[in-house]
Amino acid sequence: MLYLIRYGEIGLKGKNRRFFENTLTANIQRVLRDIPGCRVWQAHTRNYVEVPDTSSREVEERLQKVFGIVSFSPVVKVPLDLEAIKAAALQEFAKTARPGLTFKVNTKRANKRFPLLSQEISAAVGAHLLRNLPGLTVDVHTPQEVLDIEIREEEAYLYTKKILGPGGLPVGVAGKGLLLLSGGIDSPVAGWMMLKRGVTLEALHFHSYPFTSERAKEKVFDLCHRLAVYGGRIILHVAPFTEIQTELRLKAPERLTVTLMRRMMLRVAEQLAARRKALALITGESLGQVASQTMESINVIERVTSLPVLRPLIGMDKQEITEISRRMETYPISIRPYEDCCTLFLPAYPAIRPRSADVEAAEAALDIPSLLADCLGNIERHEIGDDR
């Protein structure tokens, strides 16, 4: 089985296009690395994958998770000869043809040296099908079946099926980001959306044992495995947060504990990002969803870091986020009933419009350098693969 793979915005990258194309090819090779007899190559703005027919379903499922792929098709390759194209078209179309079927032939002539124009090729092939398959009707506007022909540099490709990919950019072309990954619904979706924009992910999870269970930690490992299916190997950092939360509970005003906790998380994340050469922090925040995600809270919380904080979900509602979570198959993991540190010790009335002066006054009672050093010095590091 031979597949022709198409990309979209990569083609607009000008002098950098080769880098994007090579990254996409490498990512396709990675996800198909364990398919016996698989061959992947790149030629003239297209990628090609050749695999045994017995592996076709598995290959299609994997290609649908490779960012950068807009669509792909199982194709028939034929010589650059009109009679050969007509014969292959008839053989291919006869598999699904039936009386009353409407169809259209669509030709793209990337190879301008081919002697016939696109319209002439489509007309000749369409006429050949009409002569040899009784009961067909041409409909150029709303056909039931479309036969596509691509005239490339060295051969022609025919196909009737187009499978959608996830689009976006190939993972690895846009730098590294550090995802603050909880066990909830939102943050894995934020990571997925940044993978779609070509970002390489590392993840940071705050674990408050024994306040949070090992089951809560397992959720995060499982979420990373799902993200790795789309983005390849992900390094997960698990930071101990128990001492910080205990100090906040003992010394901070209750209504400010959420704000102070988030500021501590960003401080830890910024220092870890510097060590790991990550260029931005990524969160699953959605404006107004909870107390720490009001405009005022975001403003106060973000002041502790100089790194960009990317929030791809900021304008989305819970239903939109949940729909993506279901599609990427993290939703069943996220709703497991094991709390993470973000849901612990929530005050009855958290500050939704915290003031910087009040927050800084509360932080004066904390030994922030010592707390940060202890947390950063005891981070666990795990490499999470896609388990193919």
Contact list, first residue from segment 288-315 and within 21 Å of residue 360 (Cα to Cα) and assigned by TED's automatic domain parsing to the domain that holds residue 262, second anywhere and in a helix (DSSP H, G or I) and of a type in the set (S, T, N, Q), beta-carbon distance below 6 Å, six or more apart or interchain, is 300/356
Checked segment 243-264 for anything within 17 Å of residue 377 (Cα to Cα) and either in the same structural domain as residue 58 (by TED's automatic domain parsing) or surrounded by 18 or more Cβ atoms within 10 Å (Cβ to Cβ) (or both); matches are 244, 245, 264
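Restricting to strands (runs of 3 or more DSSP E) lying wholly in segment 63-154: which have 3 or more residues that are in the same structural domain as residue 45 (by TED's automatic domain parsing) and in contact with a His (Cβ under 7 Å, 6 or more places away or on another chain)?
No strands (runs of 3 or more DSSP E) qualify here.
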Would you call residue 374 assigned to a helix (DSSP H, G or I), charged (D, E, K, R), surrounded by fewer than 18 Cβ atoms within 10 Å (Cβ to Cβ) and in contact with a Leu (Cβ under 9 Å, 6 or more places away or on another chain)? no
Note on segment 199-216: residues surrounded by fewer than 21 Cβ atoms within 10 Å (Cβ to Cβ) and outside any strand (DSSP E or B) are 209, 210, 211, 213, 214, 215
Looking across segment 217-248 at residues that are of a type in the set (Lys, Arg), at pLDDT 90 or above and in a helix (DSSP H, G or I), the single one that is nearest to residue 266 (Cα to Cα) is 219
A careful count of residues in segment 5-18 that are within 24 Å of residue 59 (Cα to Cα) and surrounded by 14 or more Cβ atoms within 10 Å (Cβ to Cβ) gives 5
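Taking the options 268, 258, name whichever one is closer than 15 Å to residue 180 by Cβ, touching a Ser or Thr at 6+ places or on another chain (Cβ under 7 Å) and assigned to a helix (DSSP H, G or I).
258
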Taking segment 298-340 and keeping residues aliphatic (A, V, I, L, M) and in contact with a Phe, Trp or Tyr (Cβ under 9 Å, 6 or more places away or on another chain) leaves 324, 328
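The values are calculated or read from the model by the stated rules, or taken from the named source; none is laboratory data. Treat the numbers as computed from the prediction; the structure is a model and nothing was measured. Backbone-built Cβ (ideal geometry, glycine too); neighbour counts: all protein chains shown.
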